[in-house]
Amino acid sequence: MQQLMHSFAGHTAPPEILAAIRRGDIASFCLFSGINIDHPAQLRALCDSLHRAAQEDGHPPLLLGIDQEGGQLVAITSGATELPGNMALGATRSPALAEQAGRVLGRELRAMGSNLNFAPALDVNINPANPALGIRSFGADPALVPNWALP
């Protein structure tokens, strides 16, 4: 089965995962809280080992993705800056504040070895019966939501 992003269980990469990276068979991963992530230093060591496996055989840098939105959806729950969620940022009507929060998230993830964040979610909260979205959205106005998330 072809996969665009791979995942595995564990705080360290299994030998077969590292071998697949060295062969060039895997170029991206989705890392999960509780499954791959314990704390920032452990995540950095994991990301370094994955990047090193690619680099050793001359492959391009891997994409290492994490869902670190801020607010209620964070993969790194200990040792990272706690930031307001998207709805709180959207309520400020300040694209500059949303940009600052995004920069903090990006810098911290980069320092931990990740180079892809699955955030911000640009969903517009137009269906109050959608519990999966809720406060993860910047708001309910489709004309404003992209402005808060993409300064």
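The values are calculated or read from the model by the stated rules, or taken from the named source; none is laboratory data. Computed from a predicted model, the values in this text were never measured in an experiment. Neighbour counts run over all protein chains shown; Cβ positions are idealised from the backbone, glycine included. Accessible surface areas use protein heavy atoms only, side chains included; no ligands, DNA or RNA. Shrake-Rupley method; radii C 1.70, N 1.55, O 1.52, S 1.80 Å.
Evaluated against (1) in a helix (DSSP H, G or I); (2) open to solvent by 20 Å² or more (accessible area, probe 1.4 Å), residue 43 falls short on exactly one condition, (2).
Name every residue in segment 84-93 that is in a loop (DSSP other than H, G, I, E, B) and open to solvent by less than 40 Å² (accessible area, probe 1.4 Å), in order of residue number.
Within segment 84-93, just 85 meets the criteria.
Considered as a group, the residues in segment 16-40 that are part of a loop (DSSP other than H, G, I, E, B) and farther than 20 Å from residue 79 by Cβ include one that is most open to solvent (accessible area, probe 1.4 Å), and that residue is 25. Only one entry of 85, 90 meets the criterion of being more than 30 Å from residue 20 (Cβ to Cβ) and under 18 Å from the mean Cα position of the chain (by Cα), and that entry is 85. Among residues of segment 128-142 that are closer than 12 Å to residue 87 by Cα, those with a beta-carbon under 9 Å from a residue that is of a type in the set (S, T, N, Q) and not in a loop (DSSP other than H, G, I, E, B) at least six positions away or on a different chain give the pairs 135/86; 136/86; 137/86; 138/86; 138/147; 139/86. For segment 112-128, a residue qualifies if it is over 13 Å from residue 28 (Cβ atoms) and open to solvent by 50 Å² or more (accessible area, probe 1.4 Å), and the qualifying residues are 120, 122, 123, 126, 127, 128. The requirement of being touching a strand residue (DSSP E or B) at 6+ places or on another chain (Cβ under 8 Å), under 17 Å from residue 5 (Cα atoms), open to solvent by less than 40 Å² (accessible area, probe 1.4 Å) and not in a strand (DSSP E or B) is fulfilled somewhere in segment 53-67, by at least one residue. Residue-level analysis places residue 76 among those that are at pLDDT 90 or above and in contact with a helix residue (DSSP H, G or I) (Cβ under 7 Å, 6 or more places away or on another chain).
Exactly one residue among 98, 13, 75 is surrounded by 16 or more Cβ atoms within 10 Å (Cβ to Cβ), more than 30 Å from residue 131 (Cβ to Cβ) and in contact (Cβ under 8 Å) with a residue 40 or more places away in the chain, and that residue is 13.
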